[in-house]
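Have a look at the structure below before the remarks.
The values are calculated or read from the model by the stated rules, or taken from the named source; none is laboratory data. Computed from a predicted model, the values in this text were never measured in an experiment. All Cβ positions, glycine included, derive from the backbone under ideal geometry; neighbour counts span all protein chains shown. Heavy atoms of the whole protein, side chains included, go into the accessibility calculation; ligands, DNA and RNA do not. Shrake-Rupley method; radii C 1.70, N 1.55, O 1.52, S 1.80 Å.
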Amino acid sequence: MATVHSETDARNTRNREVLPMPDLTFTPELAREMEPYYAKVAKVVTPLEWPQFAPLIKAINDLKKQRNAVILAHNYMTPEIFHCVGDIRGDSLQLAKEAARTDAEVIVQAGVHFMAETSKLLNPDKTVLIPDLRAGCSLASSITAEDVRMMREAYPGVPVVTYVNTSAEVKAESDICCTSANAVKVVESLGVPRVIMIPDEYLAKYVQTKTNVEIITWKGHCEVHERFTAEELEAFRAADPSVKIIAHPECPPDVIKAADFTGSTSGMIDWVKKHKPAKVVLVTECSMSSNVAAEAPETEFIRPCNLCPHMKRITLQNILDCLLYMRHEVTVDPLVAERARRAVERMINLTN
Ligand code: 13P
Ligand code: SF4
């Protein structure tokens, strides 16, 4: 026990060390050193923007080594974050799985608060940081633990499947978690005729089209995806009938019906990489199109640019600050964490 404590203390001391502010000047030497990074984003970042990004990218990547840190970057991060400082990139499921595997001492979540909480649940002894604590989610704030207890009372014995886009307190009241990548599989794994699936009404309705299990849901919506309309999609098709339209399952049912394919953010990316359409509309958060465009030169991306204000709170500058000052640590009450972890791990074990 004593050894464990002293190791933790030594680690914490190292990670609390005050480090000097890095030099953020864009010199010709730095420009040369950063050329391989610019090559990754040259299709989506202009030469005018690069001198502001390059010194921050270099400083963040150096700091990661000093802090033994890893950056988990969600698919909605802007390209300079996603491609140039993200170590592990992907959708919520991939990030949760990788968070469970990392041996870095510090995890920086380039994503929103519920994702950082999930990382903390799976890594209780690690330091989990989020560059801006205000990076929330309209789905996560649509439901409380008390609401889940009320649902259980209203439907006794019906298991609760909870979307990962929720707080740890809500996960703690749940039987199992799911993401948009595995929701159907999770629902069917329970072997029951009826489940409560919270809090995303549209994801639940989408899953209902794929399974005979009866789904009772909640009225939560994603503030980004609920704004898309079927009329908008029809206008894209009218402008060019050859266009491919792919949508995230957080979209309203008529939008999903009008799409050629529906999947999680990574499911959508894989679809584009596999099918290589000449022209595509990704009906989801706008930055994802830029991230895929950086790697898919043969495809033209039509961008209905709905931005997630929470994801967009994460910037290179606040990632640098969070590593420099080791600030905005995400913690979860151990009693809540124990129950919430069970629901997340049950999902991960099912999809591994
Ligand atoms: P994914 O799990 O598909 O990455 O979705 C997370 C999210 O917040 C979508 O809005
Ligand atoms: Fe939440 Fe929607 Fe933003 Fe995803 S895009 S984090 S579901 S508000």
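Taking the listed residues Cys177, Cys137, the one that is part of a loop (DSSP other than H, G, I, E, B), touching a helix residue (DSSP H, G or I) at 6+ places or on another chain (Cβ under 9 Å) and either within 14 Å of ligand 1 (Cβ to nearest atom) or among the hydrophobic types (A, V, I, L, M, F, W, C) (or both) is Cys137, with no other qualifying.
Would you tally the residues in the stretch 273-290 being farther than 10 Å from Phe301 by Cα, part of a helix (DSSP H, G or I) and either of a type in the set (Lys, Arg) or more than 12 Å from ligand 2 (Cβ to nearest atom) (or both)? Qualifying residue count for the region: 3. Checked against (1) open to solvent by 20 Å² or more (accessible area, probe 1.4 Å); (2) over 30 Å from Val128 (Cα atoms), Asp321 passes all but condition (2). None of Ile71, Ile88 is away from ligand 2 (no atom under 16 Å from the Cβ) and open to solvent by less than 10 Å² (accessible area, probe 1.4 Å) except Ile71. The one condition from (1) open to solvent by 20 Å² or more (accessible area, probe 1.4 Å); (2) of a type in the set (A, V, I, L, M, F, W, C); (3) under 21 Å from Leu316 (Cβ atoms); (4) at pLDDT below 95 that Leu133 does not meet is (4).
Checked against the criteria, Ala96 counts as out of contact with any Phe, Trp or Tyr (no Cβ under 8 Å at 6 or more places or on another chain), within 16 Å of ligand 1 (Cβ to nearest atom), closer than 19 Å to His74 by Cβ and open to solvent by less than 20 Å² (accessible area, probe 1.4 Å). Residues that are touching a residue at least 40 places away in the same chain (Cβ under 8 Å) and open to solvent by 50 Å² or more (accessible area, probe 1.4 Å) within the stretch 225-235 comprise Arg227, Glu232, listed in sequence order.
Name the residues in the stretch 270-286 that are within 12 Å of ligand 1 (Cβ to nearest atom) and buried (at least 23 other Cβ atoms within 10 Å of the Cβ), would you? Listed by number, the residues that qualify are Leu282, Val283, Thr284, Glu285. Selection of the stretch 25-52 for residues being among the aliphatic types (A, V, I, L, M), outside any helix (DSSP H, G or I) and open to solvent by 70 Å² or more (accessible area, probe 1.4 Å) yields only Leu48. Only a single item in (1) more than 16 Å from ligand 1 (Cβ to nearest atom); (2) under 22 Å from Ala99 (Cβ atoms); (3) part of a loop (DSSP other than H, G, I, E, B) is not met by Asp321, and it is number (3).
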